[in-house]
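One structure below.
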Amino acid sequence: MKDIFGEALKGYLNGNPQYYLIRRKDGNSCRIDTCEYFSDYQDWNNCEKETIMAHVQGRVLDIGAGAGRHSLFLKKRNLEVHSLDISPFAVNLMKMRGLKNVYLMDLRKMDFPDNYFDSVLMISNDLGLAGTIKDTKELLKTLFRIVKPDGKVIATIRDSNKSAADSRESLYSNQERKLAKMVNKIRLRMEYNNAAGDWFYALLASKEELGKLIKGTGWFISNIIEKEGSNLYGAVLKKENDYPVNSEVKNI
Ligand SMILES: C[S@@+](CC[C@H](N)C(=O)[O-])C[C@H]1O[C@@H](n2cnc3c(N)ncnc32)[C@H](O)[C@@H]1O
C-alpha cells in the first residue's frame, strides 16, 4: 500500500507542499491543507468541537487517528486514549508526538478485547472508510463487540444529500450515489507531490441513510449535531439494550 497520506504529513513537517489532493474517479478534485491534521482545538470546525466535547468519555479508541490531533487533545485531558491508523508514517508520528497506545491496524481487521472502550471516535468521515455497505456493517458489528454496554461511537460524516458550501464539500456530493442505491459510495484517491495512492471507496451517509446502515448492528442514533452552512454532521451512536451479541447482521 502506498502511504500517500503519510507522505503528505511528512511533507508538511519538512516544509514541502503543504496540501494534498483528493481526486474523484471522474477527475474532479479538491485540495486539502495538511495543516488541518495538526490543528488545535480552537481551529477545529464547530461540529467536531461540539460532537467530541459533549460526548467523549472514559477509555477512548480514535480510529483513523491521522497525526493524532484528537487523541493528543483527549490525552491532555487525562483520558486513556488508544489510537489506530493504517498509515505507517502516521502511526510513527503519533508515537513521536507522545501518544502511548498507538496501533498500525486496518479498521476492517481490528483486534481488541470485548467490552473494552467507552468511546470510539471516527472523525472526518472515518466511519465511511470500510467502503461498502457490507463492510461498514461488519465494522459496526466489531465496534459493538469492543465497546462497553453504555459506550458510544462518535462520528463526523459529510451528508452528500445536502448542498455543498465549497469545493471540498462538493467533491462529496451526489455524483456516484446510484452505485450504492442508498448511500453515496464514492471512489477516491489521494495525490501528493506527483504520487497517487490506490483508488478506494468511501461511503457517505445522510442522517436518514445512517439510520438504515446501522439497522441490525445493535446501534441506534442517540444524537445528531448539525451546524448552519455545512454538510458535515456529528452522530453519536449508542447500543440497543436488548441486542443479542452474536446476531447476524441483516442486509439493508
Ligand atoms: C481524513 S484522515 C482523518 C484523520 C483524523 N481522524 C483527523 O480528523 O485528523 C483519515 C485517516 O484514516 C486513515 N485510514 C484510511 N483507511 C484506513 C483503514 N482502512 N484503517 C485505518 N485507518 C485508515 C488514514 O491513514 C488517515 O489517517
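Mind listing the long-range amide H neighbours of Asp62? Cut-off is under 5 Å, sequence gap 5 or more, other chains count too, H placed in the peptide plane at 1.01 Å from N.
Placed amide hydrogens put His82, Ser83, Leu84, Leu121 under 5 Å from Asp62.
Would you compute, from DSSP H runs of 4+ residues alone, the mean residue ellipticity of the chain at 222 nm, taking -39500 (n - 2.57) per run and dividing by the full residue count, rounded to the nearest 500?
When only DSSP H runs of four or more count, the value is -7500 deg cm²/dmol.
On full extension of the chain, what length is gained from Lys2 through Glu191, given 0.36 nm per residue of separation minus the C-alpha to C-alpha distance?
Taking Lys2 through Glu191 to full extension adds about 67.0 nm, to one decimal.
Taking amide H positions as placed 1.01 Å from N in the peptide plane, with prolines and chain starts having none, which residues 5 or more places from Val147, or on another chain, fall under 5 Å of its amide H?
Those qualifying (amide H under 5 Å, at least 5 residues apart or on another chain) are Asn115, Tyr116, Phe117.
Residue by residue through segment 232-238, which ³J(HN,Hα) values in whole Hz follow from phi under the Karplus form 6.51 cos²θ - 1.76 cosθ + 1.60 (θ = phi - 60°), with glycine and proline marked x?
7, 10, x, 9, 10, 9, 10
Using a 7 Å offset from the Cα along the Cα-to-Cβ direction at both Asn161 and Lys207, what is the distance between the two label points in nm, to one decimal?
Once both label points are built, they end up 1.0 nm from each other.
Return the inverse of the average 1/r over all pairs of distinct C-alpha atoms in segment 79-134, which is the Kirkwood hydrodynamic radius, in Å to one decimal.
The Cα-based Kirkwood calculation yields 12.6 Å.
Relative contact order (percent) for the chain, with alpha-carbon contacts under 8 angstrom and 6 or more residues of separation?
21 percent
Can you tell me what the convex hull of the Cα atoms of the chain projects to on average, as an area in nm²?
Orientation-averaged projected area of the Cα hull: 12.6 nm².
Mind ranking 147-155, 222-230 by how tightly packed they are, going by the mean number of other C-beta atoms within 10 angstrom, highest first?
147-155, 222-230
All of the numbers you see were taken from the coordinates with simple rules; none came from a lab. What you see is a predicted model; the values in this text were computed from it and never measured. Glycine gets a Cβ as well: all are built from the backbone with ideal geometry, and neighbour counts include every protein chain shown.
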